[in-house]
Amino acid sequence: MNEMEKLKRIVNESNNVVFFGGAGVSTESGIPDFRSVDGLYNQKYRYPPEQIVSHSYYCQHTEEFYEFYKDKMIVTDAEPNAAHLRLAQLEREGHVKAVITQNIDGLHQKAGSKEVLELHGSIHRNYCERCHAFYDLDYIVNAEGVPKCKCGGNVKPDVVLYEEGLDTETIQKAIYYISHAEVLIIGGTSLMVYPAAGMIDYFHGTCLAVINKSPTPRDHQADILIQDSIGKVFSSI
């Protein structure tokens, strides 16, 4: 039995699978990742992308932040791929308990997943910094320059920028699901971003599966290791 068949059997025999995913889950939907050869961090800008998507840069250069954010981090026409769709189906079938994602694109929800924990926020939620009024993605996309609220305040995306902390409630729920999972599937992530990557340490279940095209720091811990396209893998399980 190969690794793919083994994963399929384990997933279909379990009613407590948790999926932990990163940028690689959405690259097959046309959304660039950050750390691959063609990713955002290897493209040339006036400032490094890490600096542009930091809290201090947002505060000091809000207009330039939004130019980059709208140009490079918002993809409005992306559709869920095979991995998103199969995870949603596995949830409906009673196998997957939760999806924990580092992505901000909302594609898991678009595919139909209900229990999605977004560690780094979402482009689909935006709030006025002054009165906390909510604005959707269309409002941000169509705004000229810095999006403004009716009250005059700046509208900020509900995404976790560098120098900002993760939402405490989301972290606690993610840790709960990971620590109680029977099967944990890590997919499409380099596991280089902390504190998100450190959550894996809370897993004490029976099977850890790692699916990623390139090596990760957790490969040696994996019970199942598959270095292949995540869409291909989920099409087979």
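Accessible area per residue, 1.4 Å probe, Å², for the chain: what's the number?
Working: 11470 Å² over 237 residues.
Per residue, the chain has an accessible area of 48 Å².
Round to the nearest 10 and report in Å² the accessible area of Ser235, as given by a 1.4 Å probe over the protein chains' heavy atoms.
Spelled out: Ser235, probe radius 1.4 Å, area about 80 Å².
On the accessible surface of region 171-232, probed at 1.4 Å, how many percent belong to carbon and sulfur atoms?
Working: 1540 of 2860 Å².
Taking all protein chains in place, region 171-232 shows 54 percent carbon and sulfur surface.
Given a 10 angstrom Cα cut-off, can you work out which residue in Glu79, Glu28, Glu67 is the most mobile in a GNM of the chain?
Glu67
Given springs between every Cα pair under 10 Å in a Gaussian network model of the chain, which of His120, His204, His61 has the largest fluctuation?
The residue with the greatest mean-square fluctuation here is His61.
Is the shape of region 116-237 best called rounded, prolate or oblate, per the rule: a/c under 1.5 gives rounded, else a/b larger than b/c gives prolate, else oblate, with a ≥ b ≥ c the square roots of the Cα gyration tensor eigenvalues?
Prolate is the answer for region 116-237, as a/c is 1.5 or above and a/b outweighs b/c.
Counting Lys +1, Arg +1, Asp -1, Glu -1, what net charge surrounds Val233 among other residues with beta carbon under 10 Å of its beta carbon?
+1
Which percentage, to the nearest 5, of the DSSP beta bridges contained in the chain is antiparallel?
In the chain, DSSP labels about 25 percent of beta bridges as antiparallel.
The values are calculated or read from the model by the stated rules, or taken from the named source; none is laboratory data. Small disclaimer: the values here were computed from a predicted structure and weren't measured. Positions of Cβ are backbone-derived with ideal geometry, glycine not excepted, and every protein chain shown enters the neighbour counts. Protein only, heavy atoms only, side chains kept; ligands, DNA and RNA dropped before computing areas. Shrake-Rupley method; radii C 1.70, N 1.55, O 1.52, S 1.80 Å.
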